[in-house]
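Novice: Submitted below is the structure of interest, expressed as structure tokens.
What follows draws every value from the coordinates through simple rules; no lab data is involved. Just so we're clear, the structure is a prediction, and the values are computed from it rather than from any experiment. Positions of Cβ are generated from backbone atoms using ideal geometry, with glycine treated the same way; all protein chains shown enter the neighbour counts.
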């Protein structure tokens, strides 16, 4: 099981504050060759729909373009895993406001998000609040 | 300009051996915020069509799933750059036979390649030959 993102607990608190239930953590999936663990499965009370959340803090010391490519690569491969397993749950990439307002606003990032249909949920690490859903 | 992949010169020789002309190297593109350099632009004699090639050696010491996600992330973001710039040239990911026969054959990889429409060209580093085009 991989290390949790440094925002893991904070993002959980933000979802709970927004009325979500943390139904699952480190959601395990496998194609019988490789294993992945998606950070969270959340749902609304009285609603069975599970929404999957992969949390991605961006290290400001790394190349932002490399971090973007790596996050997008992880997202699309995780989504391919869901597709292979014929699971219908939507997958969201959870990113901090600074990342959303930064690298995710450059033209190539916006183009990739549209082309690939990437779903985003944006959290504010300072206020511990979910501020935006996209997709 | 990023460091060339360790297979760069070998792959150039393989394309030339297969009758291609190396028309460009380190093909520069930008969305005015970030810059990318695609390894090669190749074409056939008497054919203007430029085919773009990004070469990806997979380090056997790294996690193969991480390497796969990273390569796919780079490919789809580079393709988004082409899309943003309204360039029609096809982009291929050039990978060695061992990588193609290995991590690219696991179910989640095959699913991602189909879902994302990733184009591959496979080279044999030992014989320095292009052995397969996919997509």
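Novice: For chain B, with a Gaussian network of springs between Cα atoms less than 10 Å apart, report the residue from B:61, B:30, B:70 with the top mean-square fluctuation.
Specialist: Ranking B:61, B:30, B:70 by mean-square fluctuation puts B:61 first.
Novice: Could you tell me the calculated FRET efficiency between residue A:129 and residue A:3, based on Cβ-Cβ distance and R0 = 35 angstrom, to the nearest 0.05? Write down the numbers at each step before the final one.
Specialist: Details: r = 25 Å, r/R0 = 0.70.
The computed FRET efficiency comes out at 0.90.
Novice: Related question: What's the Cα-based Rg to Rh of the range A:8-134, Rh via Kirkwood?
Specialist: 0.95
Novice: Could you put B:123, A:84 in order, starting from the residue whose Cβ has the fewest other Cβ atoms within 10 Å?
Specialist: A:84, B:123
Novice: Could you check the simple spin-label distance between residue B:97 and residue A:18, using points 7 Å along Cα→Cβ, in nm with one decimal?
Specialist: 5.0
Novice: Would you please report the Å³ per residue occupied by the convex hull of the alpha carbon atoms in the protein assembly as shown?
Specialist: Working: hull volume 34.7 nm³, N = 270.
Output value, Cα hull per residue: 128 Å³.
Novice: Another question, then. Taking the Cβ of each residue in B:78, A:28 as the centre, tally the other Cβ atoms inside 10 Å and list the residues starting with the fewest.
Specialist: Fewest-to-most ranking of B:78, A:28: A:28, B:78.
Novice: List the relative contact order of chain A as a percent without decimals, with contacts defined as Cα pairs under 8 Å and 6+ residues apart.
Specialist: Working: 205 pairs, mean separation 31.1, N = 135.
It comes to 23 percent, rounded to a whole number.
Novice: Order by neighbour count: B:44, B:24, fewest other Cβ atoms within 10 Å first, most last.
Specialist: B:44, B:24
Novice: In peptide B:109-120, what is the residue-averaged number of other protein chain Cβ atoms found within 10 Å of each Cβ?
Specialist: 4
Novice: With only alpha-carbon atoms counted, please give the Rg and Dmax of the range A:1-76, in Å.
Specialist: Every Cα atom of the range A:1-76 included, Rg and Dmax give 13.9, 42 Å.
Novice: Still on this structure: As a test of the formula, what do you get for the protein assembly as shown when each DSSP H run with n ≥ 4 contributes -39,500 (n - 2.57) and the sum is divided by the residue count, at 222 nm and rounded to the nearest 500 deg cm²/dmol?
Specialist: Computed mean residue ellipticity for the protein assembly as shown: -10500 deg cm²/dmol.
Novice: May I ask what percent, to the nearest 5, of DSSP beta bridges between residues of the protein assembly as shown are antiparallel?
Specialist: 65
Novice: Right, next: Any idea how far apart residue B:25 and residue B:59 come out in nm if each label point goes 7 Å out from Cα toward Cβ?
Specialist: That separation, rounded to one decimal, is 2.3 nm.
Novice: Just checking the output field for B:31-38: average partner chain Cβ neighbours within 10 Å of each residue's Cβ?
Specialist: Per-residue shielding by partner chains comes out at 4.
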